[in-house]
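Written out below as structure tokens is the structure these notes cover.
The values are calculated or read from the model by the stated rules, or taken from the named source; none is laboratory data. These numbers come from a predicted model, not from an experiment. In this analysis, Cβ positions are derived from the backbone assuming ideal geometry, glycine residues included, and neighbour counts consider all displayed protein chains.
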Amino acid sequence: MAASDREDAAEWLVLVYRLPSKPASLRLTVRRKLTGTAVYLSPACAAAPLSGPAERAMRQARTAITRAGGFAVLLAARALAGEFRYLHLWEKDIALRQLSARYRAISGRDLFGACQAQAAASALADYHSAVNEYAAHVYAADRRS
């Protein structure tokens, strides 16, 4: 990789952890702290583009884990390949999760059957399909590079 490529590479935060067996609620606590900020690379490894809010959320999750007797390490990393494609995919995935959560919250309170409920469900399904299609293109492009 050329020096200029390394300077332009997106920087990431990576939280790798091992939870203690108790309290059982810790897993949910950690997930809540990271939801909307990070994506999970594996069940106990989350990553997010470097930002103040992401760092705060990951430090809070790390503190909760270590206080409960678990192990957690927060790393700063630079992507060597695929950083821009994955950053955009990450943003789209976060937006999809936020829209889906908002849709569930609103539809759960819709007692009278809103006239545009079906259109909203259809639009959300279309967006979900578009994100999946974009993800497939990103993964295919990454395999080629």
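Is it the case that some residue within region 21-32 is within 26 Å of VAL138 (Cβ to Cβ), among the β-branched types (Val, Ile, Thr), modelled with pLDDT under 90 and not assigned by TED's automatic domain parsing to the domain that holds HIS137? So far as region 21-32 goes, no, none of its residues is within 26 Å of VAL138 (Cβ to Cβ), among the β-branched types (Val, Ile, Thr), modelled with pLDDT under 90 and not assigned by TED's automatic domain parsing to the domain that holds HIS137.
The residues of region 114-139 that are charged (D, E, K, R) and either on the phi > 0 side of the Ramachandran plot or under 19 Å from the mean Cα position of the chain (by Cα) (or both) amount to a single one, GLU133.
Take SER107 and decide whether it is surrounded by 12 or more Cβ atoms within 10 Å (Cβ to Cβ), in the same structural domain as ALA130 (by TED's automatic domain parsing) and modelled with pLDDT of 85 or more. Judged against the criteria, SER107 is a match. Based on what the data block shows, is GLU133 under 17 Å from ALA10 (Cβ atoms), exposed (fewer than 12 other Cβ atoms within 10 Å of the Cβ) and not assigned by TED's automatic domain parsing to the domain that holds TRP12? For GLU133, the condition - under 17 Å from ALA10 (Cβ atoms), exposed (fewer than 12 other Cβ atoms within 10 Å of the Cβ) and not assigned by TED's automatic domain parsing to the domain that holds TRP12 - is not met. Considering (1) surrounded by 13 or more Cβ atoms within 10 Å (Cβ to Cβ); (2) of a type in the set (Val, Ile, Thr); (3) modelled with pLDDT of 95 or more, the lone condition that ILE94 does not fulfil carries the number (3).
The set of residues in region 58-79 that are more than 13 Å from TRP12 (Cα to Cα), crowded, with 17+ Cβ neighbours inside 10 Å and either in contact with a strand residue (DSSP E or B) (Cβ under 8 Å, 6 or more places away or on another chain) or of a type in the set (D, E, K, R) (or both) comprises ALA61, ARG62, ILE65, GLY70, ALA72.
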